[in-house]
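Single-structure report; data block below.
The values are calculated or read from the model by the stated rules, or taken from the named source; none is laboratory data. On a predicted model such as this, the values are computed, not experimentally measured, just so you know. A quick note on method: Cβ atoms are made from the backbone with ideal geometry, for glycine too, and the neighbour counts reach across all protein chains shown.
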Amino acid sequence: MSAKNEDAKSADSLPVKTLGFIINPVAGMGGPVGLKGTDGKEILAKALALGAKPVAPHKAEAFLTELAPVKKSVRLFVGAGAMGEKVVKNCGFSYTVMGANKKETSAEDTQAIAREIGKTNVDLLVFCGGDGTARDILKAADMKVPVLGVPTGVKMHSAVFAVTPSAAARVTMNFLWNELPLREAEVMDVDEKVFREGRVSAELFGYVLTPYEPHLIQANKLASPMTEDEVRNQAAIAIYIIENMKPETTYIIGPGTTTRTIGDLLDQKKTLLGVDLFKNKKIVASDVTEKQILQATHGKTAKIIVTPIGGQGFVFGRGNQQISAEVMRRVGLDNVVVIATESKLRSLRSLRVDTGDTALDEKFRKRELTVISDYKTESPMPVE
């Protein structure tokens, strides 16, 4: 018997487990259009006006595709309509619908469906969303049912998320059939209004039980320590970047204190939490959207400069979704520049990407990215 047939036989013999599944269909829509979140009807309307497209259903489908080998051993309890039912039906799983099918969904719908699913005593509740959705799940599930987040939002500071949709599927299978342990994980969120003004005000809202797999579950985001050495290190990196900037090349510079230092030394007001475009050492566009980046780089030479998120290691897919998979393919992976202070680099064993494009993520993982960590100091780092 072939190995493939052996795997199929093994999957068919697994005991049946129950899985709750909820999608926040608007999660992540604010990212590519530079809104840094999609909480509230007003912001959602603005995102749609800017041309935002759904993100969560695609990532939910990626999660379910990875879960397909065990579909005969999983019974799903799913949110109605766009909150799970549509995607699950397309992926061929057995399921029971919870809640009412609505054209427009809300945080209250997420909470109501989560409570209804919780009453069925599911083995695990999986949700697709960001920190706002995690807060809704916290209100409904509390510590009564284990939960796991599939990352589909913009701001994901909480420690309840798998690093990618495929990683979420692996964690789910390991938890359901291989007795992966549980831990109490932080649910964090930021004030979006303050966030859009360039200030991070993260708050701990509580804890949920989450399967523990340290390599596949992200840590909560850590702020960079603003010591004198850190500031000096950031300046040294910025000087090195500035000295190597080429004329007539568009530089797509992502969010962060380290990247902002480049603007400071050029006497240019770079946004802390946005993506900005530089050319000939001047800002040519601030807090841009994916569409604006694509327009600015059409037929032109460009480079991307990003810094990893402290404690998580993500260089793409967390807070900089404006730099989309399409942007990266146009610019080219060889033109991606990663900068990080030595203290941040010491806290990371690898870099991570979650571009929403599985093939592109795999291309990143087949190479090492060079990280500039000081003046004329570069070192390769693996991507996972």
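For the residues Ala68, Ala100, Ala49, Ala56, the requirement of being closer than 16 Å to Gly129 by Cα and assigned by TED's automatic domain parsing to the domain that holds Val150 singles out Ala56.
Each residue in region 357-384 was checked for being surrounded by 15 or more Cβ atoms within 10 Å (Cβ to Cβ), modelled with pLDDT under 95 and either among the acidic types (Asp, Glu) or touching a Gly at 6+ places or on another chain (Cβ under 7 Å) (or both), and 3 of them qualify.
Just a yes or no: is a residue in region 88-108 of a type in the set (Lys, Arg), over 14 Å from Asn24 (Cα atoms) and touching a helix residue (DSSP H, G or I) at 6+ places or on another chain (Cβ under 8 Å)? Scanning region 88-108, I find no residue that is of a type in the set (Lys, Arg), over 14 Å from Asn24 (Cα atoms) and touching a helix residue (DSSP H, G or I) at 6+ places or on another chain (Cβ under 8 Å), so the answer is no.
Within the group Gly319, Gly311, Gly299, which residue is surrounded by fewer than 22 Cβ atoms within 10 Å (Cβ to Cβ) and either touching a residue at least 60 places away in the same chain (Cβ under 8 Å) or aromatic (Phe, Trp, Tyr) (or both)?
Values: Gly319 fails: surrounded by fewer than 22 Cβ atoms within 10 Å (Cβ to Cβ); Gly299 fails: either touching a residue at least 60 places away in the same chain (Cβ under 8 Å) or aromatic (Phe, Trp, Tyr) (or both).
Residue meeting the stated conditions: Gly311.
Which pairs do you get when a residue that is in contact (Cβ under 8 Å) with a residue 24 or more places away in the chain, found in region 236-251, comes within reach of a residue that is in a loop (DSSP other than H, G, I, E, B) and among the basic types (Lys, Arg), reach meaning Cβ atoms under 7 angstrom, with the pair 6+ apart or on two chains? Partner pairs satisfying both residue conditions: Tyr240/Lys376; Ile242/Lys281; Met245/Lys281; Thr250/Lys300. Scanning region 249-287 for residues that are aliphatic (A, V, I, L, M), closer than 25 Å to Gly30 by Cβ, in a loop (DSSP other than H, G, I, E, B) and at pLDDT 95 or above yields a total of 1.
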